[in-house]
Amino acid sequence: MEDSLEMSRYTDEEYELACRQRLERESVIYERLITYLRTTRHAPGLTDTERKQVLQRARNFQWNEHDQKLYKLDYDRKCSRLVVRSYEDNMALLHQYHGSPTSGHCGLNATFEKMSQDYYWRNMTQDIKHYIATCTCQPLRRQPSEMCLMKIKEPWKLTGVNLMVAS
Ligand SMILES: [Zn+2]
């Protein structure tokens, strides 16, 4: 994965709409998947293609009856990540992991690495990329001389950088 950020081709409104539509489509599939995982039976009325799609995903997902949430299993099936299914949750996490004052406004790779330890959604990398590309820290990123400053790991140093820019 490239740790580079080009300017987004979409406005925030366009991206949000596309994102919501994608999550809605995914949600329909997840509902079918959850029915199958809970009952080992398909939801009524599914076509052969839709059943196949459910069966493909069933291998990599797990339904937790205790917290009533869906988890994505990793390749070795030892670790699982919570499936994020709404635009609001998706944005709240992006804010927490990149946009909040204490997040450190890390780059794409670092943000993805941290988030993907606990969370999963389809197109996660692209959404992180878009979020960072449109974040308030972005103008700094486009100046090569400032790039190295953004790589500093200690959060308090980054706060210093942001304050200098804001004043
Ligand atoms: Zn940022």
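Side notes on the structure shown:
- Between E31 and Q53, the contour length at 0.36 nm per residue exceeds the alpha carbon distance by 6.7 nm.
- Three principal axis extents describe the C-alpha atoms of the range 1-102; from largest down they are 44, 30, 26 Å.
- Checking the cross-link pairs K69/K114; K78/K114; K52/K129 against a 22 Å limit on the alpha carbon distance flags K52/K129 as lying beyond it.
Where a number appears in this text, it was derived from the coordinates with a stated rule and is not lab data. Just so it is clear, the model here is predicted, and its values are computed rather than measured.
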